[in-house]
Every structure is written in C-alpha cells, then in structure tokens.
Amino acid sequence: MAAKAPNSPIAPRRTRLQAARHNRALRWIDPRFTHRWRIYLGQSIAAAVLLWGVLLAEDVISNGAIVAAIASSVAIVFFVPHSVASSPVRIVGGHIAAVVSAYIVIAFSLLFPDSVVDSSQFNNLLGALAIALVILLMTLTNTEHAPAAGTALGLAMTGVPGESVIFILSAAALVALARVVLGPRLHNLI
C-alpha cells in the first residue's frame, strides 16, 4: 500500500446539508447551522417558552403593537444575546422611555378638542411624535432598544391604560432577567 504524500490535500467529507449548501437554491441557509443546529433550535425554543410564559402571566393585554414590541425584545435577546441592544439595562430602560414618551404624547393630545383628537390623521401624528420622542429619550439616556419604539407607538395610538404599563414593565423585566440568567449559555446566532 502506497503512503500518501505528506503535503497532499485531503478533502474532508461533507455532510449532506453542507453539500446541499452549494446548491444555488439553498445558499440562503446559514453555513454555521450544520454544526450548531442544536444551539439554534434550543435558543428558538427557549425564546418561545419565555414569550409564552410572559403572555400567559399577563393575559390582560390585547394591544398587538405592545405584544409585538415585547416579542421583538425576546427575539433580540435570543438572536444576539451578547450585543449592546440586548443588555438588561437597555431592555428595561428602552421600554421605560417608551412609556414616558407615550405619556408625554397623550398629555400633548389633551391640549386639543375631542373633534381633532378623534381624527385618524391626528392619531397618526401622535404615533409619529411618540417615535420621535422615544428615539430622543433612549438616545439621551443611553438605553437604545429598537423594539421599545413599537411600545411607544402602541401606547400613543391607543392610550396608556395602567394594565398595559404594568405588562410592559414586568415583561421587560422578565426578558432582562432571562438575559442575565441564560446569558452565559446563549450564543449569538447572527
């Protein structure tokens, strides 16, 4: 049996998924997925369980924008747990800034008669002002967290009921706590 030359390249065997990755139609699959599929699957399931728990605990919320904002916070924590945007201070601080900006915008709307406030154009203006204000507040307080913009928009356009504020702040605290507890075990997926 002839010995192989010491410098001859030996191509490692590729898995079926790795081989399929070279197919033009499948290039959108993350190349790290083949080696880290358990991490991807585990973090996805953990995110679903966390959001499910938050929604079960806080079943009083029906505002879709607020729920979507909290779901976006969960997604950021499990997509990129080691990024600046998923730090606990930014999660909680961003949502607090959103609540404050919504209160300011709602207080601003009290300066106008009901006929103006009830118009859809004015409601859209309130939403735009809430976004501008939350961006300013998060930037000033160094608590930038993009999903909090959805919180500000949802609250400004529908009002600021107490149960919504309690839901937002408790959900943000739970998401931040999950980031602290699970942080060492989580991996950036992007």
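The values are calculated or read from the model by the stated rules, or taken from the named source; none is laboratory data. Just so it is clear, the structure is predicted and the values come from calculations on it, not from any experiment. Because the Cβ atoms are built from the backbone with ideal geometry, glycine has one as well, and the counts that use them run over all protein chains shown.
Which one of the conditions (1) without any contact (Cβ under 8 Å) to a residue 12 or more places away in the chain; (2) within 21 Å of Ile106 (Cα to Cα) does Ala156 fail to meet, given that it meets all the rest?
Ala156 satisfies every listed condition except (1).
Check segment 128-145 and report whether any residue there is buried (at least 23 other Cβ atoms within 10 Å of the Cβ), in contact (Cβ under 8 Å) with a residue 12 or more places away in the chain and outside any helix (DSSP H, G or I).
Yes; the residues of segment 128-145 include at least one that is buried (at least 23 other Cβ atoms within 10 Å of the Cβ), in contact (Cβ under 8 Å) with a residue 12 or more places away in the chain and outside any helix (DSSP H, G or I).
Against the condition of a type in the set (Phe, Trp, Tyr), in a helix (DSSP H, G or I) and touching a Leu at 6+ places or on another chain (Cβ under 9 Å), how does Phe78 come out, does it pass? Can you show your working first?
Working: of a type in the set (Phe, Trp, Tyr): yes; in a helix (DSSP H, G or I): yes; touching a Leu at 6+ places or on another chain (Cβ under 9 Å): yes.
Spelling it out, Phe78 is indeed of a type in the set (Phe, Trp, Tyr), in a helix (DSSP H, G or I) and touching a Leu at 6+ places or on another chain (Cβ under 9 Å).
Look at segment 167-190 and say how many of its residues are touching a residue at least 12 places away in the same chain (Cβ under 8 Å) and either farther than 17 Å from Ile76 by Cβ or touching a Cys at 6+ places or on another chain (Cβ under 8 Å) (or both). I'd like the intermediate steps shown before the answer.
From segment 167-190, those touching a residue at least 12 places away in the same chain (Cβ under 8 Å) are 167-180, 182-183, 186-190; that's our starting set.
Going one step further and asking which of them are either farther than 17 Å from Ile76 by Cβ or touching a Cys at 6+ places or on another chain (Cβ under 8 Å) (or both), we end up with 167, 169-170.
Result for segment 167-190: 3.
Hey, does segment 114-122 have a residue that's among the charged types (D, E, K, R), over 22 Å from Ala71 (Cα atoms) and at pLDDT below 90? Even if it seems obvious, please write down each step before you answer.
Start the filter on segment 114-122 by keeping residues that are among the charged types (D, E, K, R), which leaves 114, 118.
Okay, now just the ones that are also over 22 Å from Ala71 (Cα atoms), so 114, 118.
This time we only want the ones that are at pLDDT below 90, so: 114, 118.
Yes, segment 114-122 has at least one match.
Of the residues that sit in segment 26-72 and are farther than 20 Å from Val175 by Cβ and among the aromatic types (Phe, Trp, Tyr), which one is modelled with the lowest pLDDT?
Ranking the candidates gives Trp28 first.
When segment 151-168 is examined, which residues are found to be loosely packed, with under 15 Cβ neighbours inside 10 Å and either assigned to a helix (DSSP H, G or I) or modelled with pLDDT of 90 or more (or both)? Before you say what the answer is, go through the steps one by one.
Of all residues in segment 151-168, those loosely packed, with under 15 Cβ neighbours inside 10 Å come to 159, 161-163, 166.
Scanning segment 151-168 gives Gly162, Glu163, Ile166.
Each row is one residue, and each column tells you yes or no for (1) surrounded by fewer than 13 Cβ atoms within 10 Å (Cβ to Cβ); (2) farther than 27 Å from Tyr40 by Cβ.
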position	(1), (2)
His82	yes, no
Ile91	no, no
Ile106	no, yes
Asp118	yes, yes
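If you check Glu163 against the conditions, is it acidic (Asp, Glu) and over 16 Å from the mean Cα position of the chain (by Cα)?
Details: acidic (Asp, Glu): yes; over 16 Å from the mean Cα position of the chain (by Cα): yes.
Answer is yes for this residue.
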